[in-house]
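See structure below.
The values are calculated or read from the model by the stated rules, or taken from the named source; none is laboratory data. The structure presented is a predicted model; accordingly, all values stated were derived computationally and were not measured. Here the Cβ is made from the backbone with ideal geometry for all residues, glycine too, and neighbour counts use every protein chain on show. For the accessible areas, the whole protein counts, side chains as well, though only heavy atoms, and no ligand, DNA or RNA atoms are used. Shrake-Rupley method; radii C 1.70, N 1.55, O 1.52, S 1.80 Å.
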Amino acid sequence: MPILLQNGRVVTADSDGICDILVEGEQIVALGRHLPVPADTTVLDCTGKIVVPGGIDPHVHLEMPFMGTFSSDTYETGTRAALHGGTTTVIDFVLQKQGHSLRAALEEWQGRATGNAVGDYSFHLAVTDFNENTKAEIAEIVAEGITSFKAFMAYKGSLMIDDAQLIGLMQEVKKHGGLVTAHATNGDVIDSLIAQHRAAGQLAPLYHYLSQPEVTEAEASGRFADLANYAGTEAYIVHMTCEGALNQVRHATRRNQRVLAETCIQYLLLDASLYQHDFEGAKVVMSPPLREKKDQTALWAGLNQGLVQVVGTDHCPFLWEQKLAGKDDFSKIPNGHPAVEHRMELLFSEGVGDGKITLQRFVEVTSTNAAKIFGMFPRKGTISIGADADLVVIDPAKKHVISAATHHMNVDYSAYEGWEVTGKVETVLLRGQVAVAAGETKVAKGYGQFIKRSKTAF
Ligand SMILES: NC(=O)NCCC(=O)O
Ligand SMILES: [Zn+2]
Ligand SMILES: [Zn+2]
């Protein structure tokens with residue numbers, strides 16, 4: 001049955017105006033003022049509402065085996081929570097196990113996702129062991145629509161690759177038209193600082209933060225950019241937190257190099273003062289850690305300067321009970337925090353509402369740029385005829401309070417507990433189906449599809 005979204009303020013990365021949107025099947029079939037209403041059409045009155053493209057969060061970890069446990073959102077709970085916050089597509093990281101193949105890891109992740117996802121999803125492939133066998137697998141992975149790869153420059157012994165592997169990965173991925181992304185922090189220096197703090201009996205969450213000073217991220221970001229420049233590849237830095245790392249991107253642009261950057265909602269809104277609160281700080285133990293106010297200012301500016309193209313979440317929730325594994329030693333606290341549900345509402349409220357970014361920038365950094373960078377545009381990331389009808393209707397004036405008691409993520413706390421935000425995701429369409437309306441999920445487990453991506457870069 002067709003759906004007509006009538007009279008909303010429809011905002012894309014390059015347009016903004018009152019418009020009707022007609023949806024038939026999975027796609028948008030017409031756009032315009034006062035569109036005729038075909039028989040049997042469901043009409044959604046969007047007067048006074050803002051309609052934006054479905055959000056894309058290119059950085060999530062669902063049911064990820066990590067630090068001796070699994071992140072607590074499954075494909076079902078995580079993609080459902082994402083939909084409630086207007087994120088219709090997520091890109092998760094498949095992690096190769098060192099000594100094993102990329103294929104084995106991909107099959108493991110497909111087993112968790114297939115038939116379970118509520119919202120759409122895709123995969124990046126994290127190469128944790130680049131060798132001749134892995135190298136030979138890259139071409140077929142790209143051909144299957146997994147066109148982005150990740151290097152961890154930290155987490156030695158489980159995920160980290162060294163610079164020799166990194167340059168090899170860049171060269172191979174380049175051959176096949178893919179994109180290399182990196183968790184760009186200096187793992188060796190971090191491990192050394194962790195060891196120093198532990199030896200001194202400094203075991204509280206604060207020392208997680210102090211083990212990853214800004215220089216560890218700035219140095220690795222610069223090294224990643226330099227190696228990509230040598231290899232002649234584009235580079236994408238995930239979860240950038242600080243001014244020092246951003247300056248490395250700025251430096252790269254001066255030699256006309258394309259280094260793309262993603263920050264995450266928490267780095268724009270939360271800061272390192274949260275680590276002072278004894279073990280409570282474990283809720284926001286993540287890598288890299290939260291930083292300082294001056295870094296938040298630099299990141300907001302980076303969004304407006306076009307140096308930071310994407311706001312993701314690095315959604316990687318752990319239940320409080322899981323966090324307690326590090327009660328007596330910060331290095332055992334599972335790293336990560338929950339955010340996938342609130343990225344868009346938080347950025348709308350604190351970014352657009354507070355005048356830090358425009359509404360069109362909001363659309364770019366929550367959806368369009370990720371669709372372009374990761375090869376999903378114009379199927380995803382915009383509102384145009386022929387695009388997937390992934391649409392988010394926002395009531396811009398509605399206030400609501402974030403709480404673990406009401407969120408949909410499978411985690412028993414929120415870093416944003418009690419925050420009042422202005423602007424509420426009211427209705428969400430995913431591929432032509434109403435997926436969320438008035439706080440209820442309208443699509444079932446299994447509705448979410450794997451999205452095969454093209455090689456198209458930004
Ligand atoms: N970020 C984090 O703390 N956990 C997830 C793994 C990663 O992205 O580094
Ligand atoms: Zn990371
Ligand atoms: Zn991550």
State the antiparallel share, in %, of DSSP beta bridges confined to region 54-373, rounding to the nearest 5.
-> 5 percent
Among 201-210, 180-189, how do they line up from the highest to the lowest mean number of other beta-carbon atoms within 10 Å?
-> 180-189, 201-210
Return the sequence-ordered ³J(HN,Hα) values of region 37-51 in whole Hz as given by the Karplus equation 6.51 cos²θ - 1.76 cosθ + 1.60 applied to θ = phi - 60°, using x for Gly and Pro.
-> 9, x, 4, 6, 8, 7, 9, 10, 6, 10, 4, x, 9, 10, 10
Could the peptides 351-362, 69-80, 35-46 be put in order, highest first, of the mean number of other beta-carbon atoms found within 10 Å of their residues?
-> 69-80, 351-362, 35-46
Other-chain or far-sequence residues with amide H under 5 Å of residue 59's (modelled H) = 91, 313, 314
Hey, can you rank 431-442, 167-178 by average C-beta count inside 10 Å, highest first?
-> 167-178, 431-442
Ignoring ligands, DNA and RNA, what percent of the 1.4 Å accessible area of the chain is carbon and sulfur?
-> 51 percent
Would you pull out the residues with amide H under 5 Å of residue 20's amide H, same chain only if 5 or more places away, H placed 1.01 Å from N?
-> 7, 32, 33, 34, 35
For region 277-308, list residues with backbone N below 16 Å from a point placed 7 Å from the Cα of residue 324 toward its Cβ?
-> 279-283
Net charge of Cβ neighbours under 14 Å - reference residue 323; Lys, Arg +1; Asp, Glu -1 = -3
Any idea of the accessible area per residue across region 371-458, 1.4 Å probe, to the nearest Å²?
-> 42 Å²
Kindly express, to the nearest 10 degrees and within the range 0 to 90, the angle between helix 187-199's C-alpha long axis and the longest C-alpha principal axis of the chain.
-> 70 degrees
The chain: angle of helix 132-143 to the longest principal axis, Cα-based, in degrees nearest 10 | 10 degrees
List, in order, the whole-Hz ³J(HN,Hα) value for each residue of region 338-345 obtained from phi through the Karplus relation with A = 6.51, B = -1.76, C = 1.60 and θ = phi - 60°; use x for Gly and Pro.
-> x, 7, 4, 6, 10, 3, 6, 5
How much accessible surface does residue 194 have with a 1.4 Å probe, in Å² rounded to 10?
-> 40 Å²
Return one number: the angle in degrees, 0 to 90 and rounded to the nearest 10, between the long axis of the Cα atoms of helix 102-113 and the longest principal axis of the Cα atoms of the chain.
-> 40 degrees
Residue 443: accessible area at probe 1.4 Å, nearest 10 Å²?
-> 20 Å²
Reachable aspartates and glutamates, given that their alpha-carbon falls under 20 Å from the alpha-carbon of residue 283 and they are not under 8 places away in the same chain | 63, 73, 271, 292, 314, 321, 328, 329, 341, 412, 417, 420
FRET efficiency, residue 251 to residue 40 (Cβ-Cβ, R0 60 Å, nearest 0.05) | 0.55
The chain: relative contact order in percent, alpha carbon pairs under 8 Å with at least 6 residues between = 21 percent
Over what distance in Å are the Cα centres of region 112-182 and region 426-458 separated?
-> 25 Å
Under-5 Å amide H pairs with residue 177, H placed in peptide plane, nonlocal only | none
Once every DSSP H run of n ≥ 4 in the chain is given -39500 (n - 2.57) and the sum is divided by its residues, what mean residue ellipticity at 222 nm do you get, rounded to the nearest 500 deg cm²/dmol?
-> -8500 deg cm²/dmol
Under the Karplus curve 6.51 cos²θ - 1.76 cosθ + 1.60, θ = phi - 60°, whole-Hz ³J(HN,Hα) for region 57-65, x wherever Gly or Pro sits = 10, x, 9, 9, 10, 9, 6, 8, x
Using +1 at the Cβ of each Lys and Arg and -1 at the Cβ of each Asp and Glu in the chain, identify which of 166, 32, 375 lies farthest towards the dipole's positive end.
-> 32
For the table 135/455; 49/356; 332/372, the rows whose alpha-carbon distance is greater than 28 Å are 332/372
Checked region 107-200 with the C-alpha gyration tensor, a ≥ b ≥ c its square-rooted eigenvalues, rounded below a/c of 1.5, otherwise prolate if a/b is larger than b/c and oblate if not; verdict oblate
Along its principal axes, what span do the Cα atoms of region 54-373 show, with the longest given first and each in whole Å?
-> 48, 46, 45
